[in-house]
Amino acid sequence: MNADRLTPHVSGLSHVDVAIVGGGPVGMSLALALRDSGLSVALLEARERLAVADPRALALSQGTRLILERLGAWDGLAATAIDSIHVSHRGGLGRAELRAADAGVPALGYVAEYGDLYAALAARLPDCGATLLTGARVVSVRATSGYGAVGFRRGDDEHLLSAGLVVLSEGGGSLPAELRRDKDYGQSAVVASVDGERPHAGRAYERFTPEGPIALLPLGAPDGHRYALVWTTPGDQVEARLALSDADFLASLQAAFGDRQGRFTRTGPRAAFPLKLHLAAPSTSPRLLRIGNAAHVLHPVAGQGFNLGVRDAWKLAEAILDTPPARLGEADLARRYAQSRHLDVAGGSLMTDLLVEAFSNDHFVARHARGVALALLDLAPPLKTLFARKMMFGAQAW
């Protein structure tokens, strides 16, 4: 990669076919999906180098695995297969268990640490032909009828890059309020790694409580004991939960989760991040498109958000590859991409929002209705398979 090819002062102007703003996993996935296309692609990343030490866990769907394999980023990635998912709710009867064998797939999904996935994708970038601009702090993005333009600072210098198409893949929270629809759940996710006394055997847990869902995602070999914990916490309780001693934190988790996995024996460092729903408004220009967190940020229940972003990148790459370079940024490409993603994004955001609203309360009638729904789901194999495939493949499962 030639990292200095596109570094004129703002008085100059360099041009590429596609400029990708944001070098996270979704932005890198798009750049890799465009390799061998003959298009000039620039990937702008604010970090000085593509390396992160981030132990957060990501739930990767079976569909995401297939995409990562095509991008050459799956082999060597330390990922734990999810063989089953146990779904339950506190304070009521009824539970459901989804199994990979019942769905006819090798795994319902996988769990990988964010830093490991980031490194696997970054290792493939030198072979994809994109120009990587690290340390590029984007300060403006605009579109005209003839091109998109990205203004950024790199070191002490200002630069301007024009492109036939500009793709934003950075966080939705950075969008101006008028360009997004927000919903604040009044919750944060407390994340940590925890150990249980029993081997996880590839089983994940989704436990709904009146405060919100608790997810345990298996990490390591099936005979291992480590889980990635995502504990939905009311906003006014986050600081207190983070400040607990390890023993008190584990006791509090035990009381909320129950003993299905035995006793919790250890916890790693804890962190928290707020939970909101961000849905970007339609772009006013076909030369400026959004993918991943720049387009939608979902509640982590059911692990849909990141997988939606990877499918965004793949579908946008397909639309770009079907478009002559001279027509990048025209309305037809934006329309085809929007149509290809509408059902998947709408379905994923609606499903996660309904799960949070329906299960995060302690209303007597709702509690028993949830129990009946889970029991019926467990007794209806075709419905379980359909639900599992929805989590694995998004709208393509229908």
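Applying the criterion of being of a type in the set (S, T, Y) and more than 16 Å from A78 (Cα to Cα) to the residues of the range 194-235, the residue that is nearest to the chain's Cα centre (by Cα) is T232. Being out of contact with any helix residue (DSSP H, G or I) (no Cβ under 8 Å at 6 or more places or on another chain), outside any strand (DSSP E or B) and not assigned by TED's automatic domain parsing to the domain that holds L32 narrows it down to one residue among A101, A107; which is it? Being out of contact with any helix residue (DSSP H, G or I) (no Cβ under 8 Å at 6 or more places or on another chain), outside any strand (DSSP E or B) and not assigned by TED's automatic domain parsing to the domain that holds L32 holds for just one of A101, A107, which is A101. You will find that of V167, V194, the residue that is at pLDDT 90 or above, in a strand (DSSP E or B) and under 25 Å from A331 (Cα atoms) is V167 and no other.
Can you find a residue in the range 307-320 that is among the acidic types (D, E) and under 21 Å from C128 (Cα atoms)? The answer is yes, given that some residue of the range 307-320 is among the acidic types (D, E) and under 21 Å from C128 (Cα atoms).
Selection of the range 220-279 for residues being small (G, A, S), out of contact with any strand residue (DSSP E or B) (no Cβ under 6 Å at 6 or more places or on another chain) and either assigned to a loop (DSSP other than H, G, I, E, B) or closer than 22 Å to V297 by Cα (or both) yields A221, G224, S245, G258.
For the range 27-38, indicate whether the set of residues that are hydroxyl-bearing (S, T, Y), touching a Ser or Thr at 6+ places or on another chain (Cβ under 8 Å), over 22 Å from P218 (Cα atoms) and part of a loop (DSSP other than H, G, I, E, B) is non-empty. No, the conditions are met nowhere in the range 27-38.
Every condition in (1) surrounded by 21 or more Cβ atoms within 10 Å (Cβ to Cβ); (2) over 21 Å from the mean Cα position of the chain (by Cα) is met by V105 except one, and the failing one is (1).
So that you can scan it fast, the table gives a plain yes or no per residue for (1) surrounded by 21 or more Cβ atoms within 10 Å (Cβ to Cβ); (2) at pLDDT 60 or above; (3) part of a helix (DSSP H, G or I):
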| site | (1), (2), (3) |
| --- | --- |
| L316 | yes, yes, yes |
| R335 | no, yes, yes |
| D344 | yes, yes, yes |
| L354 | no, yes, yes |
| G371 | no, no, yes |
| K384 | no, no, yes |
| K390 | no, no, yes |
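Note on the range 319-333: among residues that are among the small types (G, A, S) and part of a helix (DSSP H, G or I), the one that is surrounded by the most Cβ atoms within 10 Å (Cβ to Cβ) is A319. With respect to A59, determine if the residue is modelled with pLDDT of 85 or more, among the hydrophobic types (A, V, I, L, M, F, W, C) and not in a loop (DSSP other than H, G, I, E, B). Answer is yes for this residue. For Y118, the conditions (1) crowded, with 21+ Cβ neighbours inside 10 Å; (2) outside any helix (DSSP H, G or I) all hold with the exception of (2). If you check A338, A317, A313 for being within 14 Å of G63 (Cβ to Cβ) and hydrophobic (A, V, I, L, M, F, W, C), only one passes: A313.
The values are calculated or read from the model by the stated rules, or taken from the named source; none is laboratory data. It should be emphasised that the depicted structure is a prediction, and the values quoted were computed from it without experimental measurement. Glycine also receives a Cβ, built like all others from the backbone with ideal geometry; neighbour counts cover every protein chain displayed.
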